[in-house]
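A.B. asks: Here it is: the structure, laid out below.
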Amino acid sequence: MPDERVIELERELQSLRLELAERKRTTERLKLELERQRGGESARLVSAQLEKLLGDAATPASQLLMQAHLLRVEERPVQAGDILAVALRLVRALEDHGLVAEGNVGESAIFDPNRHEPLSGDDALGPGAQVVIRLVGISFQGKLLRKAGVLGVSDAW
């Protein structure tokens with residue numbers, strides 16, 4: 001009798017082990033599915049944000065291409081002010097989506113190699129040197145995408 005009870009308990013134990021293994025596989029499968037869904041949701045969100053950005057940039061981009069066609073193909077004069085106005089609308093659209101101009105052209109600054117890039121190979125700028133910004137830096141969400149182009153004060157203008 002005790003042997004039968006042991007055998008029955010061993011069968012039940014084996015059955016529970018199989019059930020536990022199946023539940024672990026199900027849990028892992030559901031975790032993977034959840035990750036895939038979250039990834040898809042994230043991709044859809046990024047895609048929607050990119051579509052909004054490109055939608056906002058589409059009009060000025062189209063206008064710039066038309067101005068380029070007028071100038072290059074039709075050889076018709078295009079006013080620099082008109083081109084600049086369209087280019088600034090494009091920049092504003094990018095800024096509306098998080099692009100940040102770091103510094104201003106003509107602004108004096110203290111050279112920081114993490115934020116500035118010398119425009120002249122002749123400049124041996126060290127940290128703390130006085131510089132003038134000639135090309136603004138660009139950042140997005142706190143990450144510097146392009147360092148500001150600078151010249152030493154003596155070379156600036």
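A.B. asks: I'd like the Karplus ³J(HN,Hα) series for the stretch 74-83: coefficients 6.51, -1.76, 1.60, θ = phi - 60°, whole numbers in Hz, and an x wherever there's a Gly or Pro.
C.D. replies: Using θ = phi - 60°, the values come out as 8, 6, 9, x, 10, 5, 4, x, 5, 5 Hz.
A.B. asks: Taking amide hydrogens as modeled 1.01 Å from N in the peptide plane, which residues meet the under 5 Å criterion relative to residue 111, leaving out close sequence neighbours?
C.D. replies: 128, 129, 130, 131
A.B. asks: Now a separate question. Taking the number of other C-beta atoms within 10 Å as the exposure measure, put 133, 83, 7 in order starting with the fewest.
C.D. replies: 7, 83, 133
A.B. asks: If one computes P(r) from the Cα atoms of the stretch 98-157, what percent of pairs lie at distances over 12 Å?
C.D. replies: When every Cα pair of the stretch 98-157 is considered, 60 percent fall beyond 12 Å.
A.B. asks: Taking θ as phi - 60°, what are the ³J(HN,Hα) couplings along the stretch 131-146 by the Karplus curve (6.51, -1.76, 1.60), each to the nearest whole Hz, with x for Gly and Pro?
C.D. replies: Along the stretch 131-146, the couplings run 9, 10, 6, 10, 10, 5, x, 10, 10, 8, 6, x, 9, 6, 8, 9 Hz.
A.B. asks: Let me ask you something else. Of (1) 41; (2) 47; (3) 71, which is the value of percent of Cα pairs over 21 Å apart derived from the coordinates here?
C.D. replies: (3)
A.B. asks: For the chain, take the longest principal axis of its alpha carbons; what is the angle in degrees between that and the long axis of helix 2-72, to the nearest 10 within 0 to 90?
C.D. replies: On a 0 to 90 degree scale, this one is about 20.
A.B. asks: Right, another one. Which order do the peptides 13-25, 93-105 come out in when sorted by mean C-beta neighbours inside 10 angstrom, highest first?
C.D. replies: 93-105, 13-25
Read-outs throughout are calculated quantities, based only on the coordinates presented, and are distinct from any laboratory measurement. Nothing here was measured: the structure is a model prediction, and the numbers come from that model. Methodologically, a virtual Cβ is constructed for each residue, glycine included, from the backbone with ideal geometry; neighbour enumeration extends over all protein chains shown.
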